[in-house]
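Take a look at the structure below.
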Amino acid sequence: MALTTSLAGRVRNTSLPKSHALLPLLEAVVNAIQAIDARFGDDTESGRLRIRIRRSPQEALDFSHAGPGRAALKPIVGFTVEDNGVGFTPENMTSFETLDSDHKADMGCRGVGRLLWLKAFDRVSIRSTYEDEAGRLDGRQFRFSVQGEVELDPEADLPAEVGAVVSLDGFKKPYQQSALKSVDAIAREVFEHCIWYFLRPGGAPHIMVADDDGAVSLNSLLHDFVYSDLQRTSIDVKGERFDMVSLRLKSSPRNHAPRLYWCAANRVVLEENLTSKVPGLYGRLKDSESSPFTYVCYLSSDFLDSHVRADRTAFDISEQAQGTPLIEDVSVDEIRESVLKEVERILAGPLSAAREEGKARVHEFVSNRAPRYRPVLSRLEPLGVTVDPSIKDQELELLLHSNLQKLEASALAEGHAVLGQANSAPPEG
């Protein structure tokens, strides 16, 4: 007996946190890049991808991102993703109509992207032109929604050239309100999510994000935000290989914090703040090759690919190693610990300089403003305490006060222990 699948039920049971409101758009962008790869191979220069932000012409302005020098923005109602990739060939169309298709499984695709589309948007319209087996142009146009599922449009208005136009229409309010609003912010989100394609040999196709008031080239962001990539390294955790792509970003208020991006299937899944998780790693670092920079790392592996959840918002990996050492399951903590050790090795010079600056900051503060903390100075480093060189006076005082209390409590405990030993010793004679 054949089983049937309810599209409405599948969409209802698909998870999409509001914090990931742009994930459906990002899925469409990755699909477009893969279509370009399928058509042009290593000739990425021939690829073109345009992301259009569509705003409501009538609704009230959104003042949440308005401010000095910033105009209020009209709400986003949808996006259009246009590419000159291979198009919706019969094979691609069959895959689209098959939920949980294993088509492109070797690329890490799980066939859930279109479910995410309908989670955040009312409907999707697709127009595509492709070359058939004889090299002739053919095409199709259809709509996709929970109510109508896949509806072919017999009066197709097809693109004149090979490619596809995907329109995500009717941005649902809970996601629309949570999503980034400006062209610059959305462009940066797409860039960071798809950065692997820019860092690979041959790079990414030409990608543009635009609305009615401006446009941003993602290819230029690579030059605007990245000084260079550091050495590419790999680590081994219980026999599993993890690859690390480390970048030095030009520091800005937005990217001040060092970050670790956990990736799967060439996409960013989780972002982790690394501030203070390595001694000396706080905000901006300095080295001999560049101006102050912010460190970021992109972590990928076959292990992460096979343990990412279907909605690609988290991993099914234990946070901590449990049970006996005989259990070989890799935990998040074990991966993180190995990554942080490698980060400390990669950034040895800049981190050493940052720690010295932190020590100088503490000594200057204690010498000139708070001499009562002198007893703490010699104990900070053995306790593994390092200080952000840019720490504010109030925060530094709280840190020193806390460690002074620990020092006094330790001395008191040692005193009680000595007295206890003395009282328990047998009398002489």
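The values are calculated or read from the model by the stated rules, or taken from the named source; none is laboratory data. Note that the structure is predicted; figures quoted are calculated from it, not measured. Here Cβ is always computed from backbone atoms with ideal geometry, including for glycine, and neighbour counts include all displayed protein chains. In case anyone asks, the SASA skips ligands and DNA or RNA and just uses the protein heavy atoms, side chains included. Shrake-Rupley method; radii C 1.70, N 1.55, O 1.52, S 1.80 Å.
Miscellaneous remarks
- Label-point separation, T98 to D122 (7 Å along Cα→Cβ), nm: 3.3 nm
- Backbone N within the range 276-297 under 16 Å of label point (7 Å from Q231 Cα along the Cβ vector): 288-289
- Cα gyration tensor category, rounded, prolate or oblate, for the range 142-219 with a/c compared to 1.5: oblate
- Efficiency of FRET between S56 and K172 - r from beta-carbon atoms, R0 22 angstrom, step 0.05: 0.95
- Amide H contacts of F121 (H built 1.01 Å from N, under 5 Å, at least 5 apart or other chain): K172
- Here the extension length gained between S318 and R372 equals 14.9 nm, from 0.36 nm per residue of separation less the Cα-Cα distance.
- Positive-end extreme of charge dipole, the range 175-262 - chosen from A257, V183, H206 (charges on Cβ): A257
- Environment charge at I126 (Cβ cut-off 9 Å; Lys +1, Arg +1, Asp -1, Glu -1): +3
- Note, ³J(HN,Hα) from phi for the range 397-408, Karplus 6.51, -1.76, 1.60, rounded to Hz, x at Gly and Pro: 4, 4, 5, 5, 4, 4, 6, 5, 4, 4, 5, 5
- Residues whose amide H lies under 5 Å from that of T89, counting only those 5 or more places away or on a different chain, are absent; hydrogens are built 1.01 Å from N in the peptide plane.
- A360 versus A257: modelled label distance in nm, points set 7 Å from Cα along the beta carbon direction: 2.7 nm
- Burial ranking of peptide ranges 147-154, 5-12, 30-37 (average Cβ count within 10 Å, highest at the top): 30-37, 5-12, 147-154
- Extension gain, L180-E271: 0.36 nm per intervening residue step, less the Cα-Cα distance, totals 31.1 nm.
- Residues in the range 41-51 carry Karplus couplings, in order, of x, 6, 7, 5, 4, 7, x, 10, 9, 10, 10 Hz; the curve used is 6.51 cos²θ - 1.76 cosθ + 1.60 with θ = phi - 60°, and Gly or Pro positions show x.
- Take the Cβ atoms of R345 and E155, set R0 to 51 Å, and the FRET efficiency comes out at 0.25.
- Solvent-accessible area of D138, all protein chains in place: 70 Å² (probe radius 1.4 Å, heavy atoms, ligands and nucleic acids excluded).
- From phi via Karplus (6.51, -1.76, 1.60), per-residue ³J(HN,Hα) for the range 233-244 in Hz, x at Gly/Pro: 10, 9, 10, 10, 10, 6, x, 9, 8, 10, 9, 10
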